[in-house]
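One structure below.
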Amino acid sequence: MEKRNPEIEARLQRVFDGARFGHPCYAFEEVTSTMDVAHQLVRQGTPEGTCVWTTRQRQGRGRFGRTWESPEGGAYFSVILKPARSAEEIPQLSLVAGLSAAEAIRELTRLSPSIRWPNDLLLEGQKVAGILIEAKDGAVVVGVGMNVTTQPTALPETATSLAACGAACDPYTLTAEVCRRFEGWYDSWRTEGFAPIREALRPWLSHLGEVVRVTLGTTHPVEGQAVDVDETGRLLLRLESGAIRPCEVGEVTFLR
Ligand code: BTN
């Protein structure tokens, strides 16, 4: 494993302050991807709640095999979970984490990001955070990437950072707040299912009522009005024909 950074670990331990998520915490100055380190730790039997955190990633990754640019100024971390739930329910964790991150940002900065189903947080129409879920070896690794004090010039054109939107916030405190909220929502998801998350999520969804296109790889894109997220976390589109089409995975683009 790459070399841990005790100073960063101590700083994070202070802000995690006894929470279950974040213990243990493995912190690094730089890694390939916190997802790689997390999967390695899963194989070594690390407990649920383990967090892997870094200030930079050499090969940060996003959904659909994309690169996640991970320069200095971001908070990049993965949390290891071991939920006893069916494989079909696991994608809901992307919305559970997104909700937690949106709430944490609002709490600490007063900025109110929107959630673009199923895994993006947007500010001023640009991406400020993304969530990645990978299930392997009996665990689920939830990766969260947040652009905190990042210079916009170091980010892709479609991305922004909290600082660029006028908010001062430090990546350590923000990580701890996301984890604290994630822990709470995760417990509620485990005991009560997706219903409470769905209720809490609705006000944050940027596209409800909007006409959108949902694309998945090379399959034919679907267009329609986003009307809701259903009881399993699928995005519901009202097609021109009036029919309701549930989307399980995909990427949303706003059309007008
Ligand atoms: C996406 O928007 O497609 C998801 C981006 C997820 C990025 C985070 S940063 C921490 C963790 N490590 C990675 O390599 N990816 C996730």
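Where a number appears in this text, it was derived from the coordinates with a stated rule and is not lab data. This structure is a prediction, so every number in the text was calculated from the model and none was measured. With ideal geometry, Cβ positions are generated from the backbone for all residues, glycine too; neighbour counts draw on all protein chains shown.
Lys127: which aspartates and glutamates have alpha carbons under 14 Å from its alpha carbon, excluding same-chain residues fewer than 8 sequence positions away?
Hits, sequence-local ones excluded: Glu69, Glu157, Glu251.
Sum -39500 (n - 2.57) across every DSSP H segment of at least 4 residues in the chain, then divide by the residue count to get the 222 nm mean residue ellipticity, nearest 500. Display every interim value, and only then the final one.
Numbers: 5 runs with 68 residues, N = 256.
Calculated at 222 nm, the ellipticity per residue is -8500 deg cm²/dmol.
Could you put Asp170, Asp137, Asp120 in order, starting from the residue whose Cβ has the fewest other Cβ atoms within 10 Å? Working shown, then result.
Working: Asp170 13, Asp137 10, Asp120 24.
Ordered by Cβ neighbours within 10 Å, fewest first: Asp137, Asp170, Asp120.
Calculate the spin-label point distance for Lys3 paired with Gln40, positioning each point 7 Å from the Cα along the beta-carbon direction, and give it in nanometres.
Label at Gln40, label at Lys3, 1.4 nm between them.
Specify whether the C-alpha gyration tensor of the range 17-92 places it in the rounded, prolate or oblate class, a ≥ b ≥ c being the square roots of the eigenvalues: rounded for a/c under 1.5, otherwise prolate if a/b is larger than b/c and oblate if not.
Oblate, because a/c is 1.5 or more while a/b does not exceed b/c.
Roughly how many nanometres apart are two label points built 7 Å out from the Cα toward the Cβ at Arg238 and Arg20?
4.0 nm
Could you work out how much longer the chain between Glu69 and Leu111 gets when fully extended? Use 0.36 nm per residue separation minus the Cα distance between them, nm to one decimal. It would help to have the intermediate numbers written out before the result.
On the way: separation 42, 0.36 × 42 = 15.12 nm, distance 2.26 nm.
Roughly 12.9 nm would be gained on extension.
Quick one: Cα centre-to-centre distance for the range 8-84 and the range 131-165, in angstrom?
Answer, in whole Å: 12.
Of the peptides 157-165, 73-81, how do they stack up when ordered by the mean number of other Cβ atoms within 10 Å, highest first? Walk me through the intermediate numbers first.
Details: 157-165: 18.2, 73-81: 24.7.
Descending mean neighbour count gives 73-81, 157-165.
If each of Glu210 and Arg58 carries a label point 7 Å out from its Cα toward its Cβ, how far apart are those two points in nm?
3.7 nm
Rounded, prolate or oblate: pick one for the range 1-132, where a ≥ b ≥ c are the square roots of the eigenvalues of its C-alpha gyration tensor, a/c under 1.5 means rounded, and failing that, prolate if a/b is larger than b/c, else oblate. Working shown, then result.
Values: a/c = 1.37, a/b = 1.21, b/c = 1.13.
The shape class here is rounded.
Can you work out the FRET efficiency for the pair Val249 and Glu192, with r the C-beta to C-beta distance and R0 = 25 Å, to the nearest 0.05?
0.55
Sorting Ile105, Ile8 on the 10 Å Cβ count, fewest up front, what's the list? It would help to have the intermediate numbers written out before the result.
Values: Ile105 26, Ile8 18.
By the 10 Å Cβ count, ascending, the order reads Ile8, Ile105.
May I ask you to list the lysines whose Cα is less than 20 Å away from that of Lys82, ignoring any residue fewer than eight positions away on the same chain?
The qualifying lysines are Lys136.
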